[in-house]
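Only one structure is covered here, and it is reproduced in the block below.
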Amino acid sequence: VASSPTEIAHAKLYVSFGDNLSVTRISGGSMSWQFLQAIEKNHVKTIVIDPICTDTVAGKVNQWIPILPGTDAALCEALAYEFITHNWVDQEFLDKYCVGYDEDTMPESAKGQNKSYKDYIMGTGYDMVEKTAEWAAPITGIPAERIKQLAADIAAAEAPFICQGWGPQRHTNGEDTSRAICMLPVLIGKIGLPGTNTGQREAE
């Protein structure tokens, strides 16, 4: 379940992946209007990650990060790498509510096989590739330093509202991209709190 756009007014940072509210949510639901009211109310810092400088971006947000289409999952994995290596993850939250984050939270049947999410991100999993910002940069077209700064901004935000449109998942294996985005608020334990979201498309 996702949060309403009105919750953005309580956020400290708004980060969206391929979510063009000004075009896709202009009907009677008034999502576009609610979004603009929310970010203006508390001067919420806004970052939009999208291959296109959309109507949502133009003149409305603080930062637009262009990305090569279909590479959002690689960006999220690099952000996760930064969270983990800088100890920005909420380990207590992960231990209590998550299954499969690390070896300690893996089901008994899968222990000792390096199949956890953390193993995959850190390069100790099946593909043995560290998901660093330097790894993601040529894939996404986003400079490594910009990826690292985005990770720091998200981790430092008291209430980050992270969401996605339907664009990132509308391609082969797009469900993996959707899940990768949803992992970001989970990793830092910023979910179910005022001003936060599940990483999904904002609620109706």
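Please give the per residue accessible area of region 30-178, computed with a probe of 1.4 Å over protein heavy atoms only, in Å².
50
In region 12-137, carbon and sulfur make up what percent of the accessible area (probe 1.4 Å)?
52
Would you grab the residues whose amide H sits under 5 Å from the one on Gly199? Only those 5+ places off in sequence or on another chain, please, with H modelled 1.01 Å from N.
Those qualifying (amide H under 5 Å, at least 5 residues apart or on another chain) are Ile162.
Per-residue ellipticity at 222 nm for the chain, helices alone: DSSP H runs ≥ 4 residues times -39500 (n - 2.57), over residue total, nearest 500 deg cm²/dmol?
The per-residue figure over the chain is -11000 deg cm²/dmol.
Would you mind calculating the gained length between Glu108 and Val1 on full extension (0.36 nm times residue separation, minus the Cα-Cα distance), in nm to one decimal?
35.7 nm
Which shape class applies to region 78-204: rounded if a/c is under 1.5, otherwise prolate when a/b exceeds b/c and oblate if not, where a ≥ b ≥ c are the square roots of the Cα gyration tensor eigenvalues?
On the way: a/c = 1.34, a/b = 1.13, b/c = 1.18.
The shape class here is rounded.
Using +1 on the beta carbon of Lys and Arg, -1 on that of Asp and Glu, and nothing else charged, what's the dipole of the chain about the Cα centre, debye to 20?
Values: 16 positive and 26 negative charges, 105 e Å.
The dipole magnitude comes to about 500 debye.
Any chance you could give the angle, 0 to 90 degrees and rounded to 10, that helix 72-85 forms with the longest Cα principal axis of the chain?
In the chain, helix 72-85 runs at an angle near 60 degrees to the longest axis.
Going down the table (Lys12/Lys96; Lys118/Lys190; Lys111/Lys131; Lys41/Lys118; Lys96/Lys131), which pairs top 30 Å between alpha carbons?
Working: Lys12/Lys96 25 Å; Lys118/Lys190 18 Å; Lys111/Lys131 22 Å; Lys41/Lys118 37 Å; Lys96/Lys131 25 Å.
Correct reply: Lys41/Lys118.
So, in Å, what gap is there between the alpha-carbon centers of region 83-121 and region 134-192?
Centre-to-centre (Cα) distance: 18 Å.
Enter the angle in degrees (range 0 to 90, nearest 10) between the Cα long axis of helix 174-187 and the first principal axis of the Cα atoms of the chain, meaning the one along which they spread out most.
90
Taking θ = phi - 60°, what integer Hz values does the Karplus form 6.51 cos²θ - 1.76 cosθ + 1.60 yield along region 105-112, in sequence order, with x for Gly and Pro?
Karplus-based 3J(HN,Hα) across region 105-112 equals 9, 6, x, 3, 5, 10, 5, x Hz.
If I fit a long axis through the Cα atoms of helix 31-41 and take the longest principal axis of the Cα atoms of the chain, what angle between them do I get, 0 to 90°, rounded to 10?
Approximately 90 degrees, to the nearest 10.
The values are calculated or read from the model by the stated rules, or taken from the named source; none is laboratory data. This structure is a prediction, so every number in the text was calculated from the model and none was measured. Neighbour counts are summed over all protein chains in view; Cβ atoms, including those assigned to glycine, are modelled from backbone coordinates with ideal geometry. These accessible areas exclude ligands, DNA and RNA; they are computed on the full protein's heavy atoms, side chains included. Shrake-Rupley method; radii C 1.70, N 1.55, O 1.52, S 1.80 Å.
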